[in-house]
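Let me begin by presenting the structure, written as structure tokens, before commenting on it.
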Ligand code: SAM
């Protein structure tokens, strides 16, 4: 909001697809139409003035840049998969984060992109084709039905889990709520505890527990674009005993980021939230990392 309470257009975030173009070249091209800044948190992310229309820009159409929000782009960076790893994107369509993983892995290794919804598979397929990633295998299935002990998944080292959620951090209604003197606490409360969100949270917990059960997995990132505690801190809290028993601990993605999880359990300060009024979208990120077993002392 400006000082007269007008809603200002959100900055236009652009993720450079480093599989196709380097950031300097993208900046040069985009500077022909607008002022371009480099984001100070997410690598290869550019910030253009709100309202810059890029939908038909050549770099968008050919997959050199993606119009992906900043918070959404923090998820794959938090997972930090290494080139050469085998990685699962558990709930992949439309594939923004899958293509980001491929870029971070420099096209090396393998990404298994799992999607349950047949119609959304078309978008996933299109995104991957446009991104120029050649190491993505798309599978049409329920992530919960993947057998973690199957040989084809025994070497999976990292899982990105961005499950279906209420979308309350990005919805237009939520942005209306940002207008001053519009009290929504009770409405948020009702939505957060309603049957839809509870059903989503039940799936989110199951999917997160499943992700943690893959035998070689050492990093799992969980994200939502929800502002509801029910889908965020409560999900993490409920799987923590299982995670701990499997040797995982919560790590702190983007330690310099100021807004952390709601303090509903010890360690929630390691979780990350983005604020829909400050950061344009309300996202939530949790990162589980397997503790390295200490080697026995040398004889
Ligand atoms: N990560 C995506 C991106 O950044 O482009 C967005 C993912 S969207 C929030 C969640 C996706 O998970 C939807 O496409 C939905 O159809 C899919 N999904 C929901 N339940 C699933 C399941 N059990 N197995 C696999 N995919 C599922």
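The values are calculated or read from the model by the stated rules, or taken from the named source; none is laboratory data. Keep in mind that this is a model prediction, so the values were computed, not measured. Quick reminder, even Gly has a Cβ in these numbers, built from the backbone with ideal geometry, and neighbours come from all protein chains shown.
The table below lists the values:
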item: Residues being at pLDDT below 95 and over 14 Å from residue 226 (Cβ atoms) - total across the stretch 193-210; result: 1
item: Residue in the stretch 216-230 that is under 16 Å from the mean Cα position of the chain (by Cα), in a helix (DSSP H, G or I) and within 16 Å of the ligand (Cβ to nearest atom) present; result: no
item: Count of residues meeting criterion [assigned to a helix (DSSP H, G or I) and either within 13 Å of the ligand (Cβ to nearest atom) or surrounded by fewer than 18 Cβ atoms within 10 Å (Cβ to Cβ) (or both)] in the stretch 124-158; result: 13
item: Condition met for residue 175 (over 30 Å from residue 108 (Cα atoms), more than 14 Å from the ligand (Cβ to nearest atom), modelled with pLDDT under 50 and not in a loop (DSSP other than H, G, I, E, B)); result: yes
item: Filter result (away from the ligand (no atom under 11 Å from the Cβ) and surrounded by 23 or more Cβ atoms within 10 Å (Cβ to Cβ)) within the stretch 82-94; result: 87
item: Condition check for residue 162: within 18 Å of residue 216 (Cα to Cα), in the same structural domain as residue 205 (by TED's automatic domain parsing) and near the ligand (Cβ under 9 Å from one of its atoms); result: no
item: Residues that are touching a helix residue (DSSP H, G or I) at 6+ places or on another chain (Cβ under 9 Å) and in a loop (DSSP other than H, G, I, E, B), drawn from the stretch 236-254; result: 246, 252, 253, 254
item: Odd one out for residue 114, checked against (1) near the ligand (Cβ under 10 Å from one of its atoms); (2) outside any strand (DSSP E or B); result: (2)
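One line per residue, one yes/no per condition, for (1) touching a strand residue (DSSP E or B) at 6+ places or on another chain (Cβ under 9 Å); (2) crowded, with 21+ Cβ neighbours inside 10 Å:
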position	(1), (2)
51	yes, no
58	no, no
76	yes, yes
96	yes, yes
109	yes, no
114	yes, yes
118	yes, no
121	yes, no
